[in-house]
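Visitor: The structure under discussion is supplied below as structure tokens; questions concerning it will follow.
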Amino acid sequence: MNATRIIMNRVELANVLYSDINSPNTLVDSDYAIGGDLLIEAMANNGIIDEFDPMGDEGEYIEVDADGYVIDDYIYQ
């Protein structure tokens, strides 16, 4: 895995996932990894980032390993 883009916080996450029509529907095996405040949040929550959909809780989640690589996700589009 060689991520070339690091998502550092929830604002950046929202921009990546919901800012345009070409947003990714998964971050698994993508150019993205999680870092900074968002990785700290995930590690404090057993590797899970959740409740980030701007329309409310749709069951979305991102699971990361200790290095910030996304290993599983469900992103509501």
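No lab work stands behind these numbers, since they all come straight from the coordinates. It should be emphasised that the depicted structure is a prediction, and the values quoted were computed from it without experimental measurement.
Visitor: How high is the relative contact order of the chain, in percent, counting Cα pairs under 8 Å that sit 6 or more residues apart?
Guide: 31 percent
Visitor: Additional query: Once you wrap a convex hull around the alpha carbon atoms of the chain, what is its projected area averaged over all directions, in nm²?
Guide: Value for the chain: 4.5 nm².
Visitor: Asp73's amide H: which non-local residues (gap 5+, or another chain) put their own amide H closer than 5 Å, with H modeled 1.01 Å from N in plane and none for Pro or chain starts?
Guide: Placed amide hydrogens put Glu63 under 5 Å from Asp73.
Visitor: Now, a different point. Rounded to the nearest 500 deg cm²/dmol, what is the calculated helix-only ellipticity per residue at 222 nm for the chain, with -39500 (n - 2.57) per DSSP H run of length n ≥ 4? Provide the component values of the computation, followed by the final result.
Guide: Working: 2 runs with 18 residues, N = 77.
Per the formula, -6500 deg cm²/dmol.
Visitor: DSSP beta bridges in the chain, what fraction antiparallel, as a percent rounded to 5?
Guide: If we restrict to bridges inside the chain, about 70 percent are antiparallel.
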